[in-house]
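Q: Before I ask anything, here is the structure I am working with.
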Amino acid sequence: MAAQRILVIEDEPGAREALESLLSEEGYTVASAADGEAGLRRLTEFRPDTVVCDFYLPDTDGLQILRRVRSQASHPVTFIVITGACGGDGVERLLEREADYFLQKPVDLKRLRHALERHAGPRQHATSGVHAPAPAQT
């Protein structure tokens, strides 16, 4: 089984690089973009299984990217929104309703792994090719 493909859309270079590194080490194939428009261009060429997107981007917000991904993708794409603050309960409820997962920064790596394994299937270990079991439900 091929490694799941994850597109990270994050404008903060340190956060983007950390997510790329972590996800690559976990056995995922990762591409990234620093803003929404670049992310949408990568969507077409990279064809990710999952998008991990910051809510606040310099050119748009994660909700707009989510809606465009859902309308433009040629296959089902899991969408995970991450943010430090999202502007109130109304926006948070909207994200929880429309996104597959909504995670607060700093991102809890256990919750991110759970979201990826639940929606994208088990990852392929980078070194062994053996599939990791899904985490136990808590």
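The values are calculated or read from the model by the stated rules, or taken from the named source; none is laboratory data. Values in this document were obtained by computation on a predicted structure and should not be read as measured data. Cβ: placed from backbone, ideal geometry, glycine included. Neighbour counts: every protein chain shown. Note: accessible area is taken over every heavy atom of the protein model, side chains too, but ligands, DNA and RNA are not part of it. Shrake-Rupley method; radii C 1.70, N 1.55, O 1.52, S 1.80 Å.
Q: Which order, highest average first, do 97-106, 68-77 follow once you tally other Cβ atoms within 10 Å for each residue and take the mean per peptide? All intermediate terms of the calculation are to be shown ahead of the outcome.
A: On the way: 97-106: 15.8, 68-77: 13.0.
Ranking the peptides 97-106, 68-77 by packing returns 97-106, 68-77.
Q: Among 12-22, 44-54, how do they line up from the highest to the lowest mean number of other beta-carbon atoms within 10 Å?
A: On the way: 12-22: 14.9, 44-54: 20.5.
Taking the mean over residues of other Cβ atoms within 10 Å, the ranking is 44-54, 12-22.
Q: Here is a follow-up. May I ask you to evaluate 6.51 cos²θ - 1.76 cosθ + 1.60, the Karplus curve with θ = phi - 60°, for each residue of region 3-19 and list the ³J(HN,Hα) values in order in whole Hz, giving x for glycine and proline?
A: Residue by residue, region 3-19 yields 5, 5, 9, 10, 9, 9, 10, 8, 7, 7, x, x, 5, 4, 5, 5, 5 Hz.
Q: Any chance you could run the full-extension gain for ARG41 through ASP59? It's 0.36 nm times the residue separation minus the Cα-Cα distance, nm to one decimal.
A: Numbers: separation 18, 0.36 × 18 = 6.48 nm, distance 1.38 nm.
So the chain would gain 5.1 nm between ARG41 and ASP59.
Q: Then there's this: How big is the C-alpha Rg of region 1-92 next to the rule-of-thumb value 2.2 N^0.38 Å, as a ratio? Please list the in-between numbers first.
A: Details: Rg = 12.6 Å, N = 92, 2.2 N^0.38 = 12.3 Å.
Computed over Cα atoms of region 1-92, the ratio equals 1.02.
Q: Give the carbon-plus-sulfur fraction of the accessible surface of region 1-109 in %, rounded to a whole number; probe 1.4 Å, heavy atoms of protein chains only.
A: On the way: 2470 of 5100 Å².
Ligands and nucleic acids excluded, carbon and sulfur give 48 percent.
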